[in-house]
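Structure record follows, encoded as structure tokens.
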Amino acid sequence: MGKLVSIETALPLPAPDIEALIQGRMLAAIPRRWLDQGKQFALYPTDLLINSLQPEFCYKDNFWPIAKTVISNLNAEKVTIKAWARCELCQMLDSSESLKAVSQLTVWKTEALEQILSQFPYIFLAHLRVYLLSQPIEIPVHPNARDKKGKFIPLPQRLMVSDSSPVLSDRIFTHRRHQLENRLPPPHPELEELQAAVAQLNTPAAKQLNEQIQIFLGWKKTENNRKNNPDLDWIKTITSLGDRSKELDQGKSNYQAGTDFENIIKRSLEFLGFTVDYFHKGGAGGVDVFCEQPYPLVCECKAGKKIPNQTAVQLLNLGTLRLKSKELFQQAAKLIIGPGEPTAQLKEAAKVHNMTIINPETIEALVNLQNKYRNSVDLFKLKEYLKPGQSRDEIQKYIELVEQEIKLRSQIVQAVHQLANQEENLDNPQKSFSVTEIRVHYNATQNPKLTDQIVRDLLVELSSPLTGYLGRNKGSDSLSDRFYFLRHLTVD
């Protein structure tokens, strides 16, 4: 639940700055007065920008679209408070400071900071630990909110808030604060530019990539929301739609029940990474599912209590007639998906015609694996387990193999995290470790024992920009690279 904190006042700040703090893009604020360390307050968004500068002059190009939207959504009568903060440090910046370094770690342009210093002898720079409220609150606009002296304003009533929802985890915040205090440049400015471009795209894939980039950049915590994502509830229905029941079938014709199962198999195969050719729409006299990429796959779907004996012959005839050529059908992987234990006759026919029989629950297990660990299903490796005849057990072996590989990578990440949390390393949040140090620590706690080369290969994979569980400092040769912890790889 976290510690409860009493909040009675709010600090007015430019609304775009508060949005950047809530998004984890920065942990700095420019108050108009000195903030005492440990001071706690709500974050009150206003339209009063830094030193009354024009907003497009204040904010970097990759943040300006967000700032523009936030400003346009401000209400003249009510203000929405989404977060509270605690001041961890307050500094005074003067002309001796590298304002470019500060700009690199925030959403403000260097020119805006220089403009402020041209009018004032120094800038107050507060380091804020930001926590989200369990529910945003609306309060009337306070008459003194635009006071240029930056005074705290009283809240209409005291808030009891929790520190259970920090925007950044303890470790990420410590690392980012270390960067800001020491004016260390961001390690991946090119990814910040990519994130800004991706954020403008309104597609599910873009949203997912945007979240992954933000987690990698340390702008937000890793969150495992897949179990609670209502958009993925369809996964739970794969087996039930294939193994028809009276409860689900009420009011359905056999044709409709078969179509429902066929459609969810198409959705499942797309989720796994296949490209479904919708020219082949199934139905009477047609191939139920045909996938073109990454390799041809043709599928016959049977909903009910068992798969009819003639299904293998039906798939053979329809595939030969309906696909572009006999050669394409011969090259394609051939699936029969349906409930129950196939008869000996069906299994023998499937072996003769090189067809794989799997149950709806096997497809559901594969989709669940892909959902838990995005892009973990390698369709070409999966193809090796599509054996002629009943392949339920073979595919289960593949699922277990993938889970073992992910568990190994999780243990490597855990080894780096454990090294970083040893007492002698706590003062350096970006402490890095050699391949040999990580291998020795891993081998002392886990099995099987690994070599330096295997550990290095895994570390390089886990520190790539598209995974981002570890960070990497390149050395002069392959074994002199050093790695540091960024985020956990959670294994269910």
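The values are calculated or read from the model by the stated rules, or taken from the named source; none is laboratory data. Because the structure is a prediction, the values reported are computed rather than measured. Counting neighbours? That spans all protein chains shown, and the Cβs are built from the backbone with ideal geometry, glycine included. When the accessible area is computed, the model is the full protein with side chains, heavy atoms only, and any ligands, DNA or RNA have been set aside. Shrake-Rupley method; radii C 1.70, N 1.55, O 1.52, S 1.80 Å.
The table that follows gives values for the structure above.
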item: Stretch gain in nm, segment L479-K207, where the contour uses 0.36 nm per residue and the Cα spacing is subtracted; result: 94.3 nm
item: Value of [θ]222 nm, deg cm²/dmol, for the chain, DSSP H segments ≥ 4, -39500 (n - 2.57) each, nearest 500; result: -12000 deg cm²/dmol
item: Dimensions (Å) - region 309-400, Cα atoms, principal axes, largest first; result: 38, 30, 17
item: Rounded tilt (10° steps) of 189-198 against the dominant C-alpha axis of the chain; result: 60 degrees
item: Charge tally in the Cβ shell below 12 Å around A415, where Lys, Arg are +1 and Asp, Glu are -1, A415 excluded; result: +1
item: Region 75-165: mean projected area of Cα convex hull, nm²; result: 7.5 nm²
item: C-alpha center-to-center spacing [region 152-220, region 1-53] in angstrom; result: 15 Å
item: Farthest toward positive dipole pole in the chain [+1 Lys/Arg, -1 Asp/Glu at C-beta], among G319, M92, L479; result: G319
item: Rounded tilt (10° steps) of 360-372 against the dominant C-alpha axis of the chain; result: 20 degrees
item: Fraction of antiparallel bridges per DSSP, the chain only, in percent to nearest 5; result: 70 percent
item: Region 360-492, relative contact order in percent, only Cα pairs under 8 angstrom and at least six apart counted; result: 22 percent
item: Range of Cα positions in region 1-78 per principal axis (Å), largest first; result: 37, 25, 25
item: Net charge contributed by nearby residues that have their C-beta within less than 14 Å of S6 (K/R +1, D/E -1); result: +2
item: Shape parameters for region 77-121, alpha-carbon atoms, Rg then Dmax in Å; result: 14.1, 41
item: L379-S164 pseudo-label distance in nm [points 7 Å out on the Cα-to-Cβ vector]; result: 4.2 nm
item: Directionally averaged shadow of region 1-148, computed from the convex hull of its alpha-carbon atoms, nm²; result: 8.8 nm²
item: Gap separating the Cα centres of region 342-397 and region 120-138, nearest whole Å; result: 53 Å
item: Environment charge of Q446, counting only residues whose C-beta is closer than 11 Å and scoring Lys/Arg +1, Asp/Glu -1; result: +3
item: Dipole in debye (nearest 20) - the chain, about Cα centre, beta carbon charges: Lys, Arg +1; Asp, Glu -1; result: 480 debye
item: Per-pair calculated FRET efficiency, R0 = 45 Å: K397 and H488 via Cβ, rounded to 0.05; result: 0.95
item: Expected-Rg normalisation [2.2 N^0.38 Å, Cα atoms] applied to the chain; result: 1.23
item: Protein accessible area in region 16-89, 1.4 Å probe - carbon and sulfur %; result: 46 percent
item: Potential lengthening between E193 and Q330 on full extension [0.36 nm per residue; Cα-Cα distance subtracted]; result: 44.7 nm
item: Per-selection Kirkwood Rh - region 1-46 (Cα, Å, 1 d.p.); result: 11.8 Å
item: Computed E for S6/E348 - FRET, C-beta separation, R0 60 angstrom, nearest 0.05; result: 0.20
item: Solvent-accessible area per residue for region 369-492 (1.4 angstrom probe, square angstrom); result: 52 Å²
item: Rh by Kirkwood over Cα pairs, then Stokes-Einstein D for region 312-366 at 0.692 mPa s and 37 °C, µm²/s; result: 274 µm²/s
item: Apportionment of accessible area to carbon and sulfur, region 368-492, percent (1.4 Å); result: 48 percent
